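The values are calculated or read from the model by the stated rules, or taken from the named source; none is laboratory data. Values in this document were obtained by computation on a predicted structure and should not be read as measured data. Cβ placement follows ideal geometry from the backbone for every residue including glycine, while neighbour counts extend to all protein chains displayed. We work out accessible area using only protein heavy atoms, side chains counted, and drop any ligands, DNA or RNA first. Shrake-Rupley method; radii C 1.70, N 1.55, O 1.52, S 1.80 Å.
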Amino acid sequence: MTINTEDLLGSILASLDRIACIKAEDIPDIDLYMDQVTTFMESHLKSSTRNPSEDKILTKTMINNYAKNDLLPPPLKKKYSKEHVLLLIFIYYYKGILSINDIQQLLSPITERFFHTDDAFNLETVYEEVFGLEMAQVDVLKSDITTKFRTAEQTFEEAPEESRKFLQMFSFICMLGFDVYMKKLLIEKMIDNITVDKEKSERKKTKKQDGSSQTEE
């Protein structure tokens with residue numbers, strides 16, 4: 001045995017198949033009170049937490065903070081629509097790797113263009129498209145993890161036998177961690193570009209409005 005038994009790799013790969021994902025069709029088409037929203041999220045995503053018996057998916061405080069930080073539009077008469085739930089799902093997945101400000105910058109254009117629109121192309125359409133992409137990535141991720149696992153098995157072959165297994169596991173974790181680190185940097189860079197483009201667009205709009213005002217005068 002090197003990094004660990006084959007059972008470890010099998011367990012890791014099997015866990016990817018158990019990742020909880022919420023389909024748009026699973027979300028009720030009726031508006032929900034906050035307690036119903038938190039119950040829905042808990043029932044669908046609890047199994048994906050590190051400590052299911054202790055970890056909270058979503059709380060009332062979290063929802064209120066998201067609304068306070070402009071991540072989530074305010075509810076209508078204390079009720080949250082299906083689109084509110086879709087946004088909360090996006091926020092749930094992003095909050096583990098991005099700051100609140102970054103999430104706000106990323107989701108703001110989505111909310112402005114597709115939240116509560118009468119167009120056929122709406123927030124649910126966006127969610128379903130992204131959901132399909134994520135599901136397609138599971139097999140790609142399995143292949144990548146297996147490759148990293150096999151690579152880690154070949155490290156520290158000259159290390160003391162009593163430390164070899166731990167060091168090989170450490171190698172595996174480091175490769176996974178570096179992958180997450182680099183992708184996080186890439187995401188942050190793209191969010192910065194979105195922010196810059198948005199600021200440029202707002203400046204152009206302001207100049208145009210100022211020009212129109214001067215013409216009218």
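Ile12 meets the conditions (1) exposed (fewer than 12 other Cβ atoms within 10 Å of the Cβ); (2) outside any loop (DSSP other than H, G, I, E, B); (3) under 22 Å from the mean Cα position of the chain (by Cα) in every case but one. The failed one is (1). In region 16-28 there is at least one residue that is open to solvent by 90 Å² or more (accessible area, probe 1.4 Å), in contact (Cβ under 8 Å) with a residue 40 or more places away in the chain, under 30 Å from Gln168 (Cα atoms) and charged (D, E, K, R).
If we keep just the residues of region 48-93 that are assigned to a loop (DSSP other than H, G, I, E, B), open to solvent by less than 20 Å² (accessible area, probe 1.4 Å) and in contact with a helix residue (DSSP H, G or I) (Cβ under 8 Å, 6 or more places away or on another chain), which is nearest to Thr38 (Cα to Cα)? Once the filter is applied, the top-ranked residue is Leu58.
Evaluating Asp35 against the criteria (1) in a helix (DSSP H, G or I); (2) modelled with pLDDT under 95 leaves one unmet condition, (2). The numbered conditions (1) open to solvent by 80 Å² or more (accessible area, probe 1.4 Å); (2) modelled with pLDDT of 95 or more are all true for Gly177 except (1).
Just one of the listed residues (Leu133, Leu167, Leu123) is within 24 Å of Cys21 (Cβ to Cβ) and either touching a Cys at 6+ places or on another chain (Cβ under 7 Å) or surrounded by 11 or more Cβ atoms within 10 Å (Cβ to Cβ) (or both), and it is Leu123.
If only residues of region 136-164 that are β-branched (Val, Ile, Thr) and part of a helix (DSSP H, G or I) are counted, the one that is least open to solvent (accessible area, probe 1.4 Å) is Ile145.
Taken residue by residue, region 80-93 has at least one member that is out of contact with any Ser or Thr (no Cβ under 9 Å at 6 or more places or on another chain) and free of Cβ contacts under 8 Å to residues at least 12 places away in the same chain.
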